[in-house]
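The values are calculated or read from the model by the stated rules, or taken from the named source; none is laboratory data. Predicted model only: the values in this text are computed from it and were never measured. Every residue, glycine as well, gets a Cβ built from its backbone with ideal geometry; the counts of neighbours run over all protein chains shown. Quick note on the areas: whole protein, heavy atoms, side chains included, nothing else; ligands and nucleic acids left out. Shrake-Rupley method; radii C 1.70, N 1.55, O 1.52, S 1.80 Å.
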Amino acid sequence: MRIKSLLVSASIGAAMVVTAASPAFAATGYNRCPDFKMCVFTGTNGSGAIAYFSTGDGNLGDSSGPTGMNNNIESIWNRSGHTWELFDGIGFSGTRWESDPYVGHNNVIAAAANKVSSLRDT
Ligand SMILES: [Ca+2]
């Protein structure tokens, strides 16, 4: 009887692990952004593909770092704790926009939507 009892307990334990893991796979929108990162999204309101950075990327159009983000960012969440610069050109050139920390997530301003080609932590 003791062995049977232990098997039942183990079965319940396994089921609980599966349940607890499910929300992580169901993360959507802005909630995909890890702590302490600069997150960018291809769609508005945290939709579409996500990429996130610790220090930045001098050319979103090349194969180094995330791909598919060049001239394709529509919303951001700066969770880095630092101000970031975002640029229309590669190599931190051209029109420059700033992203302040601690202001939550937002769609980028219309002038910057689908324009950012490089970005960096200041
Ligand atoms: Ca650009």
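Just to be sure before I move on: is GLY94 open to solvent by 40 Å² or more (accessible area, probe 1.4 Å) and modelled with pLDDT of 95 or more in the structure I sent? If you could, list the steps in order and put the result at the bottom.
Details: open to solvent by 40 Å² or more (accessible area, probe 1.4 Å): yes; modelled with pLDDT of 95 or more: yes.
Yes: the conditions hold for GLY94.
Out of (1) closer than 19 Å to TYR30 by Cα; (2) more than 13 Å from the ligand (Cβ to nearest atom); (3) free of Cβ contacts under 8 Å to residues at least 60 places away in the same chain, the odd one out for GLY65 is which?
Going through the list (1) closer than 19 Å to TYR30 by Cα; (2) more than 13 Å from the ligand (Cβ to nearest atom); (3) free of Cβ contacts under 8 Å to residues at least 60 places away in the same chain, GLY65 breaks only (1).
If you go through region 89-122, how many residues are near the ligand (Cβ under 10 Å from one of its atoms) and hydroxyl-bearing (Ser, Thr, Tyr)? Before the answer, list the steps.
To start, the set of residues in region 89-122 that are near the ligand (Cβ under 10 Å from one of its atoms) comprises 89-90, 93-95, 112, 114-118.
Filter once more, keeping what is hydroxyl-bearing (Ser, Thr, Tyr): 93, 95, 117-118.
Matching residues across region 89-122 total 4.
For LEU86, state whether it is in a loop (DSSP other than H, G, I, E, B), within 16 Å of the ligand (Cβ to nearest atom), touching a residue at least 24 places away in the same chain (Cβ under 8 Å) and open to solvent by less than 30 Å² (accessible area, probe 1.4 Å). Before you say what the answer is, go through the steps one by one.
Working: in a loop (DSSP other than H, G, I, E, B): no; within 16 Å of the ligand (Cβ to nearest atom): yes; touching a residue at least 24 places away in the same chain (Cβ under 8 Å): yes; open to solvent by less than 30 Å² (accessible area, probe 1.4 Å): yes.
Judged against the criteria, LEU86 is not a match.
Pull up region 28-44, narrow it to residues that are under 15 Å from VAL103 (Cα atoms) and touching a strand residue (DSSP E or B) at 6+ places or on another chain (Cβ under 6 Å), then point me to the one that is surrounded by the fewest Cβ atoms within 10 Å (Cβ to Cβ).
Here the residue is LYS37.
Could you give me the residue pairs with C-beta distances under 8 Å whose first residue belongs to region 111-122 and is on the phi > 0 side of the Ramachandran plot, whose second residue is among the charged types (D, E, K, R) wherever it lies, and which are 6+ apart or on separate chains?
Close Cβ pairs (under 8 Å, with a partner that is among the charged types (D, E, K, R)) amount to ASN114/GLU74.
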